[in-house]
Amino acid sequence: MLYEYLGGDAVCTQLKYRYDRKTPTKFTDSELTPKDRLFMTLLRLRRGIPLRDLKLLFNISEMYASKIVYTWIRFIAEEFKKLEEVMSVSGPAQNGLRPPCFQHFPNLRVVIDCTEFRIQRPKNLQQQRNSYSDYKGASTIKFLIGISCMGGLSYISEGYEGGISDRSLIEKSGFLDLLDSGDAIMADKGFDIEDKCDERGLELLIPSFRRGRDYFTARELMWSRVIAESRVHVETFIGKVKDYRFIRYVIPNSMLSLASDIVKVCAMMVNFQYPFIRIPDEETSNF
């Protein structure tokens, strides 16, 4: 299905694999088909298989394996960009399929959270400082991820240096500008963006604060519990993204320029999996 979405043989056989001045001659064609090369790329992402092992598995040079993976990641990321507009489903369009856990929030459009991926420590001192995450205690690259009420990816930002705050990331990414007045966003209480939401006529759904008190009211406790039970689904989605072993561990500096594309491809691939939020049968039949 993925191969056909990418254009099938008509497109995938036309891909050009990068080479530079250090390469004495253009790579000669191997017996690998475009489907083999896509499969190799997915193995690299999903299983984290090193290039030296791909070299043996596919009987090609390690450098050629690197070129194939690089080219296909860039290609897949560019093709997935075409889906960004249709992924961002409006609140009203989700009402017919809203699972029970989100029934209390009729104008909810997206559930958001930030997540970080470890990267190799940069050599540049300024980059070391900017990418250092107090939360992870390491250099990271940070993304904003949003899912719809059905559990599918509806938004993913570019990658930012790990030291950036959640508020700054949301401002720089332009995420709020993509929403419509009246939409609701569900988030953790760490997202200090209420003023930004008010400016755009958006509703921010977050757990209650004690605001200097020693206890919560019964209503506040109930509200916080409902939010927590609903928001857990974005954490589940992020966990599925991190099942891709290549980004579960440390992303090397040699791949840093490709890091945003890699994470975006992995996140988009989760949308091809079986839905993890259950929808009642009578609603599913209307899909």
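The values are calculated or read from the model by the stated rules, or taken from the named source; none is laboratory data. Predicted model only: the values in this text are computed from it and were never measured. Don't worry about glycine lacking a Cβ; one is built from the backbone with ideal geometry, like all the others, and counts go over all protein chains shown.
Please go through the stretch 230-265 and pick out each residue that is in a helix (DSSP H, G or I) and touching a Leu at 6+ places or on another chain (Cβ under 6 Å).
Hit for the stretch 230-265 is Phe246, nothing else.
Restricting Val250, Val265 to residues that are buried (at least 20 other Cβ atoms within 10 Å of the Cβ), over 15 Å from Pro100 (Cα atoms), modelled with pLDDT of 90 or more and not aromatic (Phe, Trp, Tyr) narrows the list to Val265. So, in the stretch 97-155, of the ones that are touching a Leu at 6+ places or on another chain (Cβ under 9 Å) and among the aromatic types (Phe, Trp, Tyr), which residue ends up nearest to Leu179 (Cα to Cα)? Restricting to residues being touching a Leu at 6+ places or on another chain (Cβ under 9 Å) and among the aromatic types (Phe, Trp, Tyr), the top hit is Tyr155.
Taking Leu178, is it aliphatic (A, V, I, L, M), within 26 Å of Ser224 (Cβ to Cβ) and in contact (Cβ under 8 Å) with a residue 12 or more places away in the chain?
no
This table checks each residue for (1) farther than 30 Å from Ala77 by Cα; (2) at pLDDT 95 or above; (3) of a type in the set (Gly, Ala, Ser); (4) more than 18 Å from the chain's Cα centre (by Cα).
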| position | (1), (2), (3), (4) |
| --- | --- |
| Gly151 | no, no, yes, no |
| Tyr155 | no, yes, no, no |
| Glu158 | no, yes, no, no |
| Asp180 | no, no, no, yes |
| Ile193 | no, no, no, yes |
| Ile206 | yes, no, no, yes |
| Phe209 | yes, no, no, yes |
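Checking the stated criteria, Phe237 turns out to be in contact (Cβ under 8 Å) with a residue 40 or more places away in the chain, surrounded by 16 or more Cβ atoms within 10 Å (Cβ to Cβ), among the aromatic types (Phe, Trp, Tyr) and within 22 Å of Ile112 (Cβ to Cβ).
Thr140 meets all of the listed conditions (1) at pLDDT 95 or above; (2) assigned to a helix (DSSP H, G or I); (3) of a type in the set (Val, Ile, Thr) but one, namely (2). Criterion first (more than 21 Å from Arg248 (Cα to Cα) and outside any loop (DSSP other than H, G, I, E, B)) does Ile68 satisfy it? In short, yes.
Here is a yes/no grid of residues against (1) β-branched (Val, Ile, Thr); (2) surrounded by 14 or more Cβ atoms within 10 Å (Cβ to Cβ); (3) in a strand (DSSP E or B):
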{"residue": "Phe75", "(1), (2), (3)": "no, yes, no"}
{"residue": "Val89", "(1), (2), (3)": "yes, yes, no"}
{"residue": "Val111", "(1), (2), (3)": "yes, yes, yes"}
{"residue": "Pro122", "(1), (2), (3)": "no, yes, no"}
{"residue": "Gln127", "(1), (2), (3)": "no, yes, no"}
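Can you tell me which residue within the stretch 47-69, out of those that are of a type outside the set (Val, Ile, Thr), closer than 24 Å to Lys240 by Cβ and in contact with a helix residue (DSSP H, G or I) (Cβ under 7 Å, 6 or more places away or on another chain), is surrounded by the most Cβ atoms within 10 Å (Cβ to Cβ)? Top of the filtered list is Leu54. The residue of the stretch 91-109 that is farthest from Leu45 (Cα to Cα), among those that are touching a residue at least 40 places away in the same chain (Cβ under 8 Å) and assigned to a loop (DSSP other than H, G, I, E, B), is His104.
Take Ile227 and tell me if it is in a helix (DSSP H, G or I) and under 22 Å from Ala138 (Cα atoms). Judged against the criteria, Ile227 is not a match. Taking the conditions exactly as written (more than 18 Å from the chain's Cα centre (by Cα) and under 19 Å from Val250 (Cα atoms)), does Leu51 satisfy them or not? Against the criterion (more than 18 Å from the chain's Cα centre (by Cα) and under 19 Å from Val250 (Cα atoms)), Leu51 qualifies. Applying the set (1) more than 17 Å from the chain's Cα centre (by Cα); (2) closer than 24 Å to Glu4 by Cα; (3) not hydroxyl-bearing (Ser, Thr, Tyr) to Glu78 leaves exactly one unmet item: (1).
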